[in-house]
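The values are calculated or read from the model by the stated rules, or taken from the named source; none is laboratory data. As the structure is a computational prediction, the values presented were derived from the model and not from experiment. A quick note on method: Cβ atoms are made from the backbone with ideal geometry, for glycine too, and the neighbour counts reach across all protein chains shown. Please note that ligands, DNA and RNA were not included when accessible areas were found on the heavy atoms of the full protein model with its side chains. Shrake-Rupley method; radii C 1.70, N 1.55, O 1.52, S 1.80 Å.
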Amino acid sequence: MKKLFRAAAVAAVAALALTACGGGGGSSDPANVSPTGEIKPREISWLLSRPADGAVINIMKKLADDYAKDHPGFALNFITTPDRPSYIQKLETLAAANKLPELFDTDATPFAQQLAKQGKMVDADKLLKSLDVYDDYRPGALDYQRFDDGSLYMIPFQFELEFIWYNKALLQQAGVSVPKSLDDLPAMCTALRDAGITPIAIDGQDQWPLERYVAYQPFREAGPDFIQKLKKGEAKFSDPAGQKTVEWLASLGRAKCFQDGFSSQGYSDAQNQFTSGKAAMYNIGTWELPSLATDKLNPDVRDDIDFFTLPTTAGSVTAANEFVSPSGIGMAVNSKTYDPLVSDFLKFALKKYPSEYAATGALSPTTNVETAVPANATPLYKKALEKANDLGDKQAMPWDTQLDPTTNGRLQQELVLLVQGNITPEQFTSTMDSTVAQNAPKFFK
Amino acid sequence: MLPNRSRLSVLVFLLPPLLLYGVAVLFPIVQSLFLSFFSWNGISDMEFVGLANYVRMLTADDIFWRSFFNALGYLAICLVLQLGGALLVASLLTSMRRGRELIKTLYLLPAVISTVAIAFLFVRIYSIDPVGLLNQLLHWIGLGALERPWLSDINTVLAAVSAPEGWRFTGLYMLIIYAALLSVPQELEEAARLDGASRWQLFTKIRFPHIMPVWITTTIMATTYGLRGFDIPYLMTNGGPGQSSELLTTYMYKTAFSSTDFGYASTIAVFIVVECLVAVGLILFMLKRKADA
């Protein structure tokens, strides 16, 4: 009996010791982007949040196979979780356990910035320069990935522009035209509702689509700095720019801009509403070009679809060609596992990636290649791509990548209540200002 | 009484499951208790904050209290549907002569369907655009005025997310209660019938007291399951709109894995453990008092 107890005690201690070993910190220098030594092929992993059969994964899979031909034993293991909220939870849990793989996806969130500060990510600025590809990238694509202090730790694989797509026939039916100002939207919604048309289709379940709307008015009213200040508690929703967005969102709600029961409808529900001709508008990025601007689109609405970019407002401090132009979730390189092999593979892959990616009809994050318009595209496809050529310098950042996680979660919840008319603008303002005050200082100290 | 040697062997064989239980159940609870005294986001150093997390939870967190009351509402709806429904169906089954097996199987069916499938199924049932089953039914029977987006309306969402959970396990508890009802001695019932007892009297004076031990176990099971309810509300509404369908469990999960506030999430976890223990204690206490009365 005693022996048994002793054995159990030993096992328990061993288990504890093993767990403790897993918690060891990274020892590599994040600024050392050119490790020297022999390239020893092995399997490396990429924890990522991208569609499993999307262009990025398909191309990287092919490039990894090509690389493995010259480096037997090399393999790139894709660990995919396309659903963003689940992905973020996985990433944060793995980071907490210090078990991140060689490559992992992340937005330029405050959490990622903490990882970077702890030296867990390779300096992408230095990395891209050392690979001699830095200058190929669109400045906007890199800027989207930067932290507030201008440092760069993520590599973009996409470049997207977000538009408000609309159905010309439905607008005509309601006797309204493309809004000249953001402030025209509520009245437009009322007119569309009166004509029996759902004004805007939105994916309420995923929460980020509605959160885009909260960013628009402050970006026009006070520029990109507003969110930078707000997230640190230096600006407030009770400030003029904040109040403008709160009042505007409440008015979108009063005008019943979004489909009934939107908060429990998903991505494909919203897209179906628009592409089946039930909803007049739909706010989405160029990643949906294959379903909105090719012959895959429902023939009944195909000739009626067009888009407009984010409208400006009277006295807007940002220009009409400045709107949300994200370069997607970025890829970070784990500094703890960065070695000659990872470095050599990235060099190989990043040089070849842009041309392969542009050939699929998508906008490359670099400027050294031209996007091939697919054979089944409608004229709208090219028109959308061309918008990338005359972008302004400032870009509207999605707020979900900017705010600390607790404030972000609360904002997403309160926004639905505000737009559904369950709370007043005053309640929204006071809840959010106190949430920011409570949580921001902890994250941005 | 077992002889000494076999008592020892029973103890020896009980030890491995006990150890497993300790590692899988007790250790995490102790760990949560430990973590609840810290502020920790998973990647920075842990900071000892004493009782600050508890003070915040009990005095300064509106979402916590909202989730707590939501969880009680969720529990009440689940219990009524599960225990009430189970008792009703089981009683009716005992007086059926044919087709019992079919009915039993049909009622049990939801318990074997995965939660994810159930959640998606009910999202469709509650939908208003495209019109789901519930709104369609209301329209057909002339109650069109009641049509609404059940999961987006803050007044209906809690009931809407509770119903699938209640519906799902009715069959399981029905089976248990049905088995208990079958064990009621026929002679007793017949004697009571001869004495002129009505069906209701038969049920309240003979059948129900007889199945009381099983009823207590079922109530404890349903209560603890209800207090732990997580997946269906999480999948259907993610606690929304606002905090209308937020439960303590979903709030704890979000605090840990979305807000990366592991210390505070552990505090909520400790509360849930205590809450479950209190609930079971209360049930036992009330039933004992009733039995003594």
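Quick notes
- Across the options B:Leu102, B:Val55, B:Ala86, the greatest Cα extent toward the positive end of the charge dipole of the range B:49-110 (unit charges at beta carbon of Lys, Arg, Asp, Glu) belongs to B:Leu102.
- Kirkwood-type hydrodynamic radius, the range B:1-112: 20.1 Å, calculated from all non-identical alpha-carbon pairs.
- Accessible surface of chain A, 1.4 Å probe, proportion on carbon and sulfur as whole %: 52 percent
- Size of the B/A contact, given as accessible area buried on both chains, probe 1.4 Å, in Å²: 2800 Å²
- Between 0 and 90°, nearest 10: helix A:2-22 axis offset from chain A longest Cα axis: 60 degrees
- Cα long-axis angle, helix A:425-443 against chain A (0 to 90 degrees, to the nearest 10): 20 degrees
- Annotation: A:Thr424 carries an accessible surface of approximately 60 Å², with a 1.4 Å probe and no ligand, DNA or RNA atoms counted.
- For chain B, the 222 nm mean residue ellipticity estimated from helices alone, with every DSSP H stretch of n ≥ 4 adding -39500 (n - 2.57) and the total spread over all residues, rounds to -21500 deg cm²/dmol.
- Residue with peak Gaussian network fluctuation, chain A [Cα springs, cutoff 10 Å], from A:Gly204, A:Gly253, A:Gly73: A:Gly73
- Alpha-carbon gyration tensor eigenvalues x 5, square-rooted, for chain B, Å: 37, 32, 17
- For the residues of B:142-153, the average number of beta carbons from a partner chain within 10 Å of their own beta carbon is 3.
- Within the assembled protein chains, the solvent-accessible surface assigned to B:Trp65 is about 80 Å², based on a 1.4 Å probe.
- Expressed per residue, the C-alpha convex hull volume of the protein assembly as shown stands at 226 Å³.
- Antiparallel %, DSSP beta bridges [both residues in chain A], to 5: 60 percent
- Chain A: relative contact order as a whole-number percent, Cα under 8 Å and 6+ apart: 25 percent
- Sum of side-chain charges, A:Lys40 neighbourhood, beta-carbon under 12 Å (Lys, Arg +1; Asp, Glu -1): -3
- Angle in degrees between helix A:208-222 and the longest Cα principal axis of chain A, rounded to the nearest 10: 70 degrees
- Both radii come from the Cα set of the range B:45-98: Rg as radius of gyration, Rh as Kirkwood radius; their ratio Rg/Rh reads 1.43.
- At R0 = 51 Å, FRET efficiency that the Cβ-Cβ distance of B:Arg56 and A:Ala375 yields, to 0.05: 0.30
- Each peptide among A:222-230, A:284-292 gets the average number of other Cβ atoms lying within 10 Å of its residues, and from highest to lowest they stand as A:284-292, A:222-230.
- Estimated 222 nm signal from helices in chain A, with DSSP H stretches of n ≥ 4 weighted -39500 (n - 2.57), rounded to 500: -14000 deg cm²/dmol
- Here the accessible area is traced with a 1.4 Å probe on the protein chains. For the range B:131-174, carbon and sulfur cover 68 percent of it.
- Partner shielding of B:233-243 amounts to 5, given as the average count of beta-carbon atoms from other chains within 10 Å of each residue beta-carbon.
- Probe 1.4 Å - accessible area at A:Leu94, Å² to nearest ten: 50 Å²
- Each of B:Ala159 and A:Gln228 was given a label point 7 Å from its Cα along the Cα-to-Cβ line. The distance between the two points is 5.1 nm.
- Relative contact order of chain B, pairs being alpha-carbon contacts under 8 Å that are 6 or more residues apart, as %: 29 percent
- Span-like helix ranges in chain B, DSSP H, alpha carbon extent 20 angstrom or more, Kyte mean at least -1.0: B:4-21, B:62-79, B:157-182, B:208-227, B:262-292
- As a calculated quantity, the FRET efficiency between B:Glu275 and B:Asp45 at R0 = 30 Å, using C-beta atoms, amounts to about 0.45.
- Working from Cα pairs under 8 Å separated by at least six residues, relative contact order for the range B:108-186 is 33 percent.
- Label point distance in nm, A:Asn272-A:Ala75, each placed 7 Å from Cα along Cα→Cβ: 3.8 nm
- Alpha carbon Rg of the range B:154-293, scaled by the compact-globule rule 2.2 N^0.38 Å: 1.40
- Fluctuation leader among B:Arg56, B:Arg193, B:Arg148 - chain B, Gaussian network, Cα springs under 10 angstrom: B:Arg193
- Out-of-range pairs (alpha-carbon distance over 20 Å; input A:Lys40/A:Lys129; A:Lys231/A:Lys442; A:Lys61/A:Lys352; A:Lys129/A:Lys347): A:Lys40/A:Lys129
- Distance from the Cα centroid of the range B:109-167 to that of the range A:105-163 is 44 Å (rounded to whole angstrom).
- Comparing A:Gln420, A:Gln265, A:Gln173 in a Gaussian network model of chain A where C-alpha atoms under 10 Å apart are linked, the largest mean-square fluctuation is found at A:Gln173.
- Based on protein heavy atoms only, the range A:284-387 ends up with 38 Å² per residue of surface accessible to a 1.4 Å probe.
- Sorted largest first, extent of the range A:163-255 alpha carbons per principal axis (Å): 45, 27, 23
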